[in-house]
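A short worksheet on the structure shown next.
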Amino acid sequence: MFRSINRWFLVSINPYNMINEDILFSFGADLRTYDPDDFIFSEGEVPSFFFLISSGKVKLNNYNEGGKEFIQGIFSRGNGVGISSLFTEKSYPVNAVAVEESEVIRLPKAQYLQLLQENPDNYFTTIQSLSEHMHYKFLMAESIAFQNPAQKLLTLMNYLKDHHHDQSKYALQILLTRQQLASLTGLSVETVIRVIKNMEKEGILKIKNRKIFY
C-alpha cells in the first residue's frame, strides 16, 4: 500500500520541463510513496488530483475481460499522469499503477487549476506534455491497427530512440521487459521474443546479457 509523506519544500527542480516541484508544494501538494503494483488511480474514478512523478516509474494500463493487460504508456520522473482527465470532467479511462517503488506528488484539482491561473507559463508546459502524449498515441494506434509485429516493435523503439541523446546504432538500451513490450504493442510475449531474435539476426538491434540495444 502507499505511504503518505507531507513535504512543503524540495530543492530539486524538475529537469523535464513540466512544473517546478516547489511550486506544487507551495500550493498544498503532498508526496506519496507507492510500492510496485500499487494503484495511484483506477479506471472509472473521478479525477480529483494532479499527479506528478517525482521518482520511479508509473504505467497507464487497461485490462480486458480475460485479464490481459494493455499498457498505454510508461512514465518516469517529471511526467504528469492523467492530466487530460482533469479538463474533461469525465472519469479516468485508464489505471495508473506503480511499476517500481515510486514517489508521486499529489495536488488537489482545485489548487492545480489555481496554480495554472496564477502561473500562465505552466499552461504551455502542460500543453507540451499533452501534445507529446497525443503524438505517441497516434503513432502507436496506427501501428497496432495496420502494421506487422516487427513494424510495431520498430515504431515503439524508433519513438524511444528519437528522444535519446545518442542516435548512433545500438546506443539506446531498451529499458522495457519483453512483457512490457508486448503489452505496449498488443503482441504476445512469445511473438515479441521471436521477432526480437529475428531482428538481432538481421542486425537491427543487439542483445547483450538479455538486454536490448537499438
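Some notes on this structure:
- Of the strands (runs of 3 or more DSSP E) lying entirely inside the stretch 24-72, those containing at least 1 residues that are in contact with a helix residue (DSSP H, G or I) (Cβ under 8 Å, 6 or more places away or on another chain) and over 13 Å from VAL104 (Cβ atoms) are 58-63.
- Subset of the stretch 138-186 (residues that are farther than 23 Å from VAL99 by Cβ, in contact (Cβ under 8 Å) with a residue 24 or more places away in the chain and small (Gly, Ala, Ser)): ALA150, ALA171
- Scanning the stretch 165-196 for residues that are outside any helix (DSSP H, G or I) and crowded, with 16+ Cβ neighbours inside 10 Å, we see that the one that is modelled with the lowest pLDDT is GLY186.
- Close Cβ contacts (under 9 Å, 6 or more residues apart or on different chains) running from residues in the stretch 36-51 that are exposed (fewer than 14 other Cβ atoms within 10 Å of the Cβ) to residues that are basic (Lys, Arg) comprise VAL46/LYS90; SER48/LYS109.
For (1) surrounded by 13 or more Cβ atoms within 10 Å (Cβ to Cβ); (2) touching a residue at least 24 places away in the same chain (Cβ under 8 Å); (3) among the charged types (D, E, K, R); (4) part of a loop (DSSP other than H, G, I, E, B), each residue gets a yes or a no:
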site	(1), (2), (3), (4)
GLU89	no, no, yes, yes
ALA96	yes, yes, no, no
GLU103	yes, yes, yes, no
LEU130	yes, yes, no, no
TYR136	yes, yes, no, no
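- Selection status of LEU184, hydrophobic (A, V, I, L, M, F, W, C) and either over 23 Å from the mean Cα position of the chain (by Cα) or within 15 Å of ILE71 (Cα to Cα) (or both): yes
- Flag if PHE70 is modelled with pLDDT under 95, outside the structural domain of SER188 (by TED's automatic domain parsing), closer than 25 Å to TYR159 by Cα and out of contact with any Asp or Glu (no Cβ under 7 Å at 6 or more places or on another chain): yes
- Residues satisfying the stated conditions in the stretch 49-76, i.e. within 24 Å of ASP22 (Cα to Cα), within 9 Å of the chain's Cα centre (by Cα) and small (Gly, Ala, Ser): SER76
- Residue, nearest to the chain's Cα centre (by Cα), within the stretch 138-164, restricted to residues that are part of a loop (DSSP other than H, G, I, E, B) and either at pLDDT below 85 or surrounded by 13 or more Cβ atoms within 10 Å (Cβ to Cβ) (or both): HIS163
- Per the conditions (1) closer than 22 Å to ILE83 by Cβ; (2) free of Cβ contacts under 8 Å to residues at least 60 places away in the same chain; (3) among the β-branched types (Val, Ile, Thr), the sole criterion not satisfied by THR191 is (1).
Yes/no matrix, rows are residues, columns are (1) farther than 26 Å from GLN114 by Cβ; (2) basic (Lys, Arg):
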| position | (1), (2) |
| --- | --- |
| ILE40 | no, no |
| PHE49 | no, no |
| ILE53 | no, no |
| LYS57 | yes, yes |
| ASN61 | yes, no |
| GLU65 | yes, no |
| GLN72 | yes, no |
| ASN79 | no, no |
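- Breaking point among (1) farther than 25 Å from LEU205 by Cα; (2) part of a helix (DSSP H, G or I); (3) in contact with a Leu (Cβ under 8 Å, 6 or more places away or on another chain), for SER85: (3)
The values are calculated or read from the model by the stated rules, or taken from the named source; none is laboratory data. All of these numbers come straight from a predicted model, not from anything done at the bench. Glycine also receives a Cβ, built like all others from the backbone with ideal geometry; neighbour counts cover every protein chain displayed.
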